[in-house]
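J.: Please find one structure pasted underneath; my questions will follow.
The values are calculated or read from the model by the stated rules, or taken from the named source; none is laboratory data. Everything numeric in this text was worked out from a predicted model, so none of it was measured. Cβ: placed from backbone, ideal geometry, glycine included. Neighbour counts: every protein chain shown.
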Ligand code: MN
């Protein structure tokens, strides 16, 4: 019997509203859907009981995926984002000592995304944004990534507001997923989520975005979507070839990864992987998370509470880093 680390803070924790609920339906077998559905629609009941039982003091909640990012009409995307954010704010208000929020954003229109993020941070007290990968804009088969020039004013606004941006996975569109043809088992959390999100993060780093916005903070889930394991190779392939890197960024990719990124343990409850992430990015940039309701809170907490790391690192990753990053009360612990 291992002891529970009390006061954990978890930040990749999802809910759904009616308009986005069915986006999550395909991710579990039909006979598990009633359970997942009820988990997604619940904030104050079973979720809170599990938090109490497993030492999770606070969850920073976010909308399910792909949700707003999969609504090609920018006005409709804005409408659904606002509704989700208002619903979340009302739930947080019932238990502000247990719940905080990440904004859903209509990235289809960078100006609307800036306005909604400002509203969520300044008026609703949200702690940042969580966005589900690329956005479909105008037509269902478009996929727009946020390293593009039209998003740089948005990134400047995120930096100005001094809140983190959580880049959360979604599946590639069928038209862009030929590599998975005949192997649907590779979609979702098995592989495609990580691949999709890792490449998006690399696009941000290679674009020079963090030269322009050096204080911008991006959070990746799932222990970094595979990036810690590949970090050395990204900057050192063909090292005998003395040529400058072909990306626009001024420094090696690993520099940005270590200066501008935080990683969470969401959905990746493996000590070997955690230790690799700690060696690459440091225990100060890792954060406990579960990925409820797609993963179990007990699976996350039972693993983390007993993982073979120092108690000092467990406290940092489980609580202190999040208090500092999100400027939560108790941040001087
Ligand atoms: Mn998730």
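J.: Quick one: which helices (runs of 4 or more DSSP H) sit completely within segment 1-65 and have at least 1 residues that are under 26 Å from residue 308 (Cβ atoms) and either within 16 Å of the ligand (Cβ to nearest atom) or at pLDDT 95 or above (or both)?
T.: 46-53
J.: Look at residue 268 and say whether it is over 26 Å from residue 159 (Cβ atoms), modelled with pLDDT of 95 or more and surrounded by 17 or more Cβ atoms within 10 Å (Cβ to Cβ).
T.: Criteria met by residue 268.
J.: Can residue 100 be described as in contact (Cβ under 8 Å) with a residue 60 or more places away in the chain, buried (at least 20 other Cβ atoms within 10 Å of the Cβ) and farther than 25 Å from residue 188 by Cα?
T.: Yes; evaluated as a whole, the condition is true for this residue.
J.: Check off (1) more than 16 Å from the ligand (Cβ to nearest atom); (2) assigned to a loop (DSSP other than H, G, I, E, B); (3) more than 21 Å from residue 153 (Cα to Cα) for residue 278 and give me the number that stays unchecked.
T.: Single failed check for residue 278: (2).
J.: Given the criterion touching a residue at least 12 places away in the same chain (Cβ under 8 Å) and more than 22 Å from residue 266 (Cα to Cα), identify the matching residue among 182, 206, 194.
T.: The conditions single out 206.
J.: Residue 21 - would you say it is under 30 Å from residue 184 (Cβ atoms), more than 19 Å from the chain's Cα centre (by Cα), in contact (Cβ under 8 Å) with a residue 24 or more places away in the chain and surrounded by fewer than 22 Cβ atoms within 10 Å (Cβ to Cβ)?
T.: no
J.: With respect to residue 300, is the statement that it is within 16 Å of the ligand (Cβ to nearest atom), crowded, with 24+ Cβ neighbours inside 10 Å and assigned to a helix (DSSP H, G or I) true?
T.: yes
J.: Show the residue pairs that are 6+ apart or on different chains and have beta-carbon atoms under 6 Å apart, the first residue being within segment 55-72 and free of Cβ contacts under 8 Å to residues at least 60 places away in the same chain, the second being assigned to a strand (DSSP E or B) and within 16 Å of the ligand (Cβ to nearest atom).
T.: From segment 55-72, the pairs are 61/13; 61/15; 61/101; 64/14.
J.: Quick one: is residue 297 under 21 Å from the mean Cα position of the chain (by Cα) and farther than 22 Å from residue 322 by Cα?
T.: no
J.: I'd like the residue in segment 170-213 that is touching a strand residue (DSSP E or B) at 6+ places or on another chain (Cβ under 9 Å) and within 22 Å of residue 104 (Cα to Cα) and, out of all such residues, is surrounded by the fewest Cβ atoms within 10 Å (Cβ to Cβ).
T.: Of everything passing the filter in segment 170-213, 198 is surrounded by the fewest Cβ atoms within 10 Å (Cβ to Cβ).
J.: Given the condition buried (at least 19 other Cβ atoms within 10 Å of the Cβ) and touching a strand residue (DSSP E or B) at 6+ places or on another chain (Cβ under 8 Å), answer yes or no: does some residue in segment 228-247 qualify?
T.: Scanning segment 228-247, I find at least one residue that is buried (at least 19 other Cβ atoms within 10 Å of the Cβ) and touching a strand residue (DSSP E or B) at 6+ places or on another chain (Cβ under 8 Å), so the answer is yes.
J.: Hey, could you check segment 281-295 for residues that are assigned to a loop (DSSP other than H, G, I, E, B) and touching a helix residue (DSSP H, G or I) at 6+ places or on another chain (Cβ under 8 Å) and say which is farthest from the ligand (Cβ to nearest atom)?
T.: 282
J.: Here's a follow-up. Restricting attention to segment 288-295, does a residue exist that is farther than 20 Å from residue 102 by Cα and either at pLDDT 95 or above or crowded, with 20+ Cβ neighbours inside 10 Å (or both)?
T.: No, because not a single residue in segment 288-295 is farther than 20 Å from residue 102 by Cα and either at pLDDT 95 or above or crowded, with 20+ Cβ neighbours inside 10 Å (or both).
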